[in-house]
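Contents: one structure, followed by commentary.
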Amino acid sequence: AARLSPEQLAELTTLYGAGAGELLDLIEADPTLADPAAAGHRLLGAQLVHGMRAEGACTVTDLLVRRSLLAFRPNPGLDLLPKLKVWMGRHLGLAPETVERQWAEYLKFLERGTAFRRN
């Protein structure tokens, strides 16, 4: 995990404890997972893949709302669809069309939340 800074390593250890090694293994196998998952976020691609593989997230909404809380950030990961198609295909066996349908549901979730905050 040479691509991670000491601060990133410390954060992963704080968040995942002994399980941080699993994330480092993911990054070792695919160094692009050391990159931020979405623009302007510290959340790494490896953390989302870990959410799928180890935490049981099997839908876009589950992953971005419950596992990563990305949905509640100012940028809720609106640039993630291309990466999710690859990651969810590779790690969950989902077809791109399935991920696109789930993405549409995630966008509906975000819209409902935005409408709630406006009222």
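Readers should treat all values here as calculations from the given coordinates under stated rules, not as data from a laboratory. As the structure is a prediction and not an experimental result, all values here were calculated from the model. Cβ: placed from backbone, ideal geometry, glycine included. Neighbour counts: every protein chain shown.
Quick notes on this one:
- Based on Cα contacts under 8 Å between residues 6+ apart, the chain shows a relative contact order of 18 percent.
- Dipole of the stretch 6-118, positive end: most advanced residue of 17, 48, 74 [Cβ charges, Cα centre]: 74
- Residue-count net charge about residue 87 - beta-carbon cut-off 11 Å; Lys, Arg +1, Asp, Glu -1: +3
- Between the amide H of residue 44 and those of 37, distances stay under 5 Å, these residues lying 5 or more places away or on another chain, with hydrogens modeled in the peptide plane.
- With R₀ set to 25 Å, the beta-carbon distance separating residue 13 from residue 78 gives a calculated FRET efficiency near 0.25.
- Residue-averaged 222 nm ellipticity for the chain, from DSSP H runs of 4+ at -39500 (n - 2.57), nearest 500: -17500 deg cm²/dmol
- Entry for Cα extents along the principal axes in Å (calculated from the structure that is shown) out of (1) 44, 32, 22; (2) 46, 36, 28; (3) 98, 28, 15: (1)
- Once backbone amide H atoms are built at 1.01 Å from N, residue 30 has no partners under 5 Å, excluding neighbours fewer than 5 places away on the same chain.
- Net charge, residue 27 excluded, C-beta distance under 14 Å - Lys, Arg +1, Asp, Glu -1: -4
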